[in-house]
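Step one of this worksheet: look at the structure below.
The values are calculated or read from the model by the stated rules, or taken from the named source; none is laboratory data. What you are looking at is a predicted structure, and each value in this text was computed from that prediction instead of being measured. Note that each Cβ is placed from the backbone with ideal geometry, even for glycine, and that neighbours are counted across all protein chains shown.
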Amino acid sequence: MPPDEIEENRKRLESAQGYSEVWRLTKHNVRKVLDKGRSSMMLFLDDMPLRLGAYHPLGTNNIVLNRALVQIVEATTNSTKLLNAFVYVLLLHEYLHALGYVRETQVRPLVYQVSKDCFGEEYATTQLAKLGPWSLLQGLPLDRLKAPKKVIEIVKDFEKANRRYIV
Ligand SMILES: [Zn+2]
């Protein structure tokens, strides 16, 4: 990808104001690199064990993202860039599942490839794709942290307007 497009992707990610803006960029990047896409996806937020980032129930349009984990990342990194990179990598992973790449051995290298093509090797997204999103939380006792369990929530207008992380 030409350097000016990489620069544009970085700017878009760093200024994204929540799930739907990160999501738009994810879809744009996948379209560009893999020439694939799918509309009408829905995002749900739920509090899950912290070893789980997100999942895509096979045969649905849904992605379920671990709200408790996103909130811990937000609190520990205190960086919009890292938080958005983290959300990007999780959404990209589940989106690729939704596009028909079922196996982890297919999805993981593709998450890395899309990130590298669109952001460059050294950028946060690519590093998270390479080392795993949990590399951001190294040293935190995830097994001992307990997030309060709230009700599952749907992100309204996920495919459309702006949606901030915290309600
Ligand atoms: Zn997976």
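Can you confirm whether Leu96 is in a helix (DSSP H, G or I), within 16 Å of the ligand (Cβ to nearest atom) and either closer than 22 Å to Gln138 by Cα or in contact (Cβ under 8 Å) with a residue 60 or more places away in the chain (or both)? In short, yes. As a summary of the residue check, Leu91 satisfies the conditions (1) of a type outside the set (Phe, Trp, Tyr); (2) farther than 14 Å from Val22 by Cβ; (3) within 16 Å of the ligand (Cβ to nearest atom) except for the one numbered (2).
Being under 25 Å from Glu122 (Cβ atoms) and either at pLDDT 90 or above or touching a strand residue (DSSP E or B) at 6+ places or on another chain (Cβ under 9 Å) (or both) is a property that Val64 lacks.
Quick one: which of Ser20, Ser40 is over 16 Å from the mean Cα position of the chain (by Cα) and more than 26 Å from Glu121 (Cβ to Cβ)? Only one candidate passes the filter, namely Ser40.
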